[in-house]
Amino acid sequence: MSLVDLVMPKLGESIMEATILKWHKHPGDAVKEDESVLDIATDKVDSEVPSTSDGVIEELLYKENDVVPIGAVIAKIRTNSNASVYQPQPASQPVQQEYEEAKLIEEVPYQPTNTPPVSTNKSAIRFYSPLVLNIAASEGVTMSELENIPGTGQDGRVSKKDILNYVENKKGGQPAVVSHQSSENGQPTTDNRQPVTFSSQLPTTYTGNVEIIEMDRMRKMIAKHMVDSIHTSAHVTSFAECDVTSLVLWREKIKKDFEKREGEKITFTPLFIEAIVKCIKKYPLLSSSVEGDKIIIKKDLNIGMATALPTGNLIVPVIKNADQLNLVGLTKQVNNLANAARSGKLKPDDTIGGTFTLSNIGGFGSIMGTPIINQPQVAIMAVGAIKKRPMVIETPQGDSIAIRHIMYISLSYDHRIIDGALGSTFLNAVSKELEHFDVNRSI
């Protein structure tokens, strides 16, 4: 008989912690290798954690809604035994040392006299775990309040204990904690403004026939992400009209043969992504991010595609190294990621690392839109519905009117680093790429 540690798995390069949503197994339950033990969530996607061996669940070291660091031991599995002889450990038995180390961040009490002041540089983007955001949303704590709560977690993060203490003080009418600032000589100074006091908030009353719907966890994260983007980037949107008649006729001509040969349906999305990638290579600033006063140009072109979920929520899976894929490869990646998103089978790595995003709002009937930039990117393109319209055609023999397939495309970009000239030039380059599509192209 031996004990095997079940650890929080690595979920992506930028993900350092995850929230436990639900335990499917409890102490005494038998479990098989690769059987799902619990559901977890990050700020990207939800995932399942499978068992690493056959055995019996000996102990769960975290509760539901706990935020757990990556690599921490979350449960212990007793192997070479059966569930009928399970005996729970006495309550007084100390928790394993690995568990204590993993929970060190949450267990250290807040000691303002010994802890150095946390930097309150407003230019830095502060990270909040899903659990903290959920508590803030349910308790009516605004983002401006959240940004001023001193954090005792790693790198000054607001922990569960920090926000619960803040909420308790707020409900008790105690003055809010004011963050310390540093003077020019590096010594902490006290903010001279009067402390803000809070009174108990009266419940909102509604008149008439209304229905109140609680946001789910993903919708809360989307809402925060959108608001944060507006507060981060100076949004500007440009529009262009695009004649995609050649592209539409070519797809109509080859789609049956393409599906028969490749086993995949070809949509317009991979064709749009192909055009975008070609133009980003000409204007690389569109694939970048801003860090302080530095511009980071991303050489790996990872294109995100906004995907609607059956729940009504939105997620953005990412096609990695899209510039290295031909049209068949792009089509398969688009279809695989879209299907995985709608069936809830996306992996955490599938949603990170994007450098530019495409939003196909035409699939829902919209002819144009002003999308919000997906941070930390600096641009996002929306393509509208393709409609037949009468257009003036210029020829050497004179002008004529013809029925053409017309689509409006829009580009929202960060005016901090992309001016109107570059944004419009890139947008028109994509438009020309689509308009000049080779109708005789082979597959």
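So here's what we get for this one:
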read-out: Residue within the stretch 395-410 that is among the hydrophobic types (A, V, I, L, M, F, W, C) and closer than 30 Å to Thr232 by Cβ present; value: yes
read-out: Tally, over the stretch 223-239, of residues that are in contact with an Asp or Glu (Cβ under 9 Å, 6 or more places away or on another chain), among the β-branched types (Val, Ile, Thr) and assigned to a helix (DSSP H, G or I); value: 1
read-out: Test: residue in the stretch 225-239 that is open to solvent by less than 50 Å² (accessible area, probe 1.4 Å), out of contact with any Pro (no Cβ under 6 Å at 6 or more places or on another chain) and within 16 Å of Gly354 (Cα to Cα); value: yes
read-out: Residue within the stretch 283-301 that is β-branched (Val, Ile, Thr) and either over 32 Å from the mean Cα position of the chain (by Cα) or closer than 24 Å to Ile406 by Cβ (or both) present; value: no
read-out: Matching option when the condition is crowded, with 18+ Cβ neighbours inside 10 Å and touching a strand residue (DSSP E or B) at 6+ places or on another chain (Cβ under 9 Å), among Ser400, Ser410; value: Ser410
read-out: Pick from the stretch 145-164, criterion open to solvent by less than 70 Å² (accessible area, probe 1.4 Å), assigned to a helix (DSSP H, G or I) and not acidic (Asp, Glu), ranking: nearest to Pro69 (Cα to Cα); value: Gly156
read-out: Pair list, Cβ under 7 Å, 6 or more apart: the stretch 60-80 residue acidic (Asp, Glu), other residue open to solvent by 50 Å² or more (accessible area, probe 1.4 Å); value: Glu64/Leu21; Glu64/Lys22
read-out: Filtered residues of the stretch 240-261 (kept if crowded, with 16+ Cβ neighbours inside 10 Å and either part of a helix (DSSP H, G or I) or under 27 Å from the mean Cα position of the chain (by Cα) (or both)); value: Thr245, Ser246, Leu247, Val248, Trp250, Arg251, Phe258
read-out: Pairs, first under 14 Å from Val45 (Cα atoms) and in a loop (DSSP other than H, G, I, E, B) in the stretch 1-27, second at pLDDT below 75 and open to solvent by 60 Å² or more (accessible area, probe 1.4 Å), C-beta under 9 Å, six or more apart; value: Leu11/Lys44; Gly12/Lys44; Ser14/Lys44; Ile15/Asp43; Ile15/Lys44; Met16/Phe127; Met16/Gln154
read-out: For Lys294: the one exception among (1) surrounded by fewer than 16 Cβ atoms within 10 Å (Cβ to Cβ); (2) charged (D, E, K, R); (3) in contact (Cβ under 8 Å) with a residue 40 or more places away in the chain; value: (3)
read-out: Members of the stretch 16-66 that are within 29 Å of the chain's Cα centre (by Cα), small (Gly, Ala, Ser) and open to solvent by 10 Å² or more (accessible area, probe 1.4 Å); value: Ser36, Ser47
read-out: Residues of the stretch 339-370 classified as assigned to a loop (DSSP other than H, G, I, E, B) and either under 18 Å from Glu274 (Cα atoms) or in contact (Cβ under 8 Å) with a residue 12 or more places away in the chain (or both), total; value: 13
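Conditions (1) open to solvent by less than 30 Å² (accessible area, probe 1.4 Å); (2) under 24 Å from Val378 (Cβ atoms); (3) among the small types (Gly, Ala, Ser), marked per residue:
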{"position": "Leu271", "(1), (2), (3)": "yes, yes, no"}
{"position": "Gln324", "(1), (2), (3)": "no, yes, no"}
{"position": "Ser343", "(1), (2), (3)": "no, no, yes"}
{"position": "Thr351", "(1), (2), (3)": "yes, yes, no"}
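The values are calculated or read from the model by the stated rules, or taken from the named source; none is laboratory data. Here the structure is a predicted model, which is why all the values come from computation and not from measurement. Counting neighbours? That spans all protein chains shown, and the Cβs are built from the backbone with ideal geometry, glycine included. Note: areas computed on protein heavy atoms with side chains; ligands, DNA, RNA excluded. Shrake-Rupley method; radii C 1.70, N 1.55, O 1.52, S 1.80 Å.
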